[in-house]
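The values are calculated or read from the model by the stated rules, or taken from the named source; none is laboratory data. Owing to the predicted nature of the structure, the values given are computational and were not obtained by experimental measurement. Every residue, glycine among them, receives a Cβ derived from its backbone with ideal geometry; neighbour counts consider all protein chains shown.
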Ligand SMILES: Cc1cc2nc3c(=O)[nH]c(=O)nc-3n(C[C@H](O)[C@H](O)[C@H](O)COP(=O)(O)O)c2cc1C
């Protein structure tokens, strides 16, 4: 696939087919993700690939327990302003949480903290987050784009971070690793659409903040 077609048709997929992913395809996705840049070329990512059905059911239970309160909060916050788009997103989130276990591959991404040499929770961690978390998301995005190029859908999720200890225990992850994201991966039930984004041009500045970008 053409790169620009891939990059503009990689929405969050929340409805999946229960179809398995060929292991060689999967490995191609991770070999590509592994090419991502990172601070000092530390390459601090570790991937835990969960394919076991019972394990996926357990992950779904944890996710669902977090999704409910998250959804309630979104409704309370947006009571008077919840747009049709937001309502649709919440409904999609409901379906996603309720069917997570059928998604054939659950990818957990962990950050190797010692590799980044910035202790977690210190002030340096806060102002240096570009180097730490910023060293993770290029690899995650590259993984998602590579999957898309092979017809495989993904959904970035960070919901499980609030149950990090439980998640790490479930997966047998050592203390020094930090949970960054869970990305369920599988074939989409509804194909790939171009995601909705706000217009770019009002957010483009030419040399100075006060000078609007003029399109060619
Ligand atoms: C850092 C990050 C965390 C996210 N966490 C979640 C999540 O926990 N659950 C979920 O359903 N979607 C999650 N998303 C997906 C966003 O809701 C999605 O990227 C956004 O709504 C745009 O979706 P679209 O690309 O399909 O338009 C997350 C996305 C990002 C970038």
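Brief remarks follow.
- Identification of helices (runs of 4 or more DSSP H) wholly contained in the stretch 57-128 with 1 or more residues that are in contact with a strand residue (DSSP E or B) (Cβ under 8 Å, 6 or more places away or on another chain) and farther than 30 Å from residue 18 by Cα yields 113-116.
- Among the conditions (1) at pLDDT below 95; (2) farther than 18 Å from residue 103 by Cα; (3) within 20 Å of the chain's Cα centre (by Cα), the only one that residue 6 does not satisfy is (1).
- Test: residue 140 is in contact (Cβ under 8 Å) with a residue 24 or more places away in the chain, crowded, with 16+ Cβ neighbours inside 10 Å and within 14 Å of the ligand (Cβ to nearest atom): yes
- Residue within the stretch 174-195 that is exposed (fewer than 10 other Cβ atoms within 10 Å of the Cβ), outside any loop (DSSP other than H, G, I, E, B) and within 15 Å of the ligand (Cβ to nearest atom) present: no
- Within the stretch 73-107, considering residues that are within 27 Å of residue 178 (Cβ to Cβ) and out of contact with any helix residue (DSSP H, G or I) (no Cβ under 6 Å at 6 or more places or on another chain), the one surrounded by the most Cβ atoms within 10 Å (Cβ to Cβ): 103
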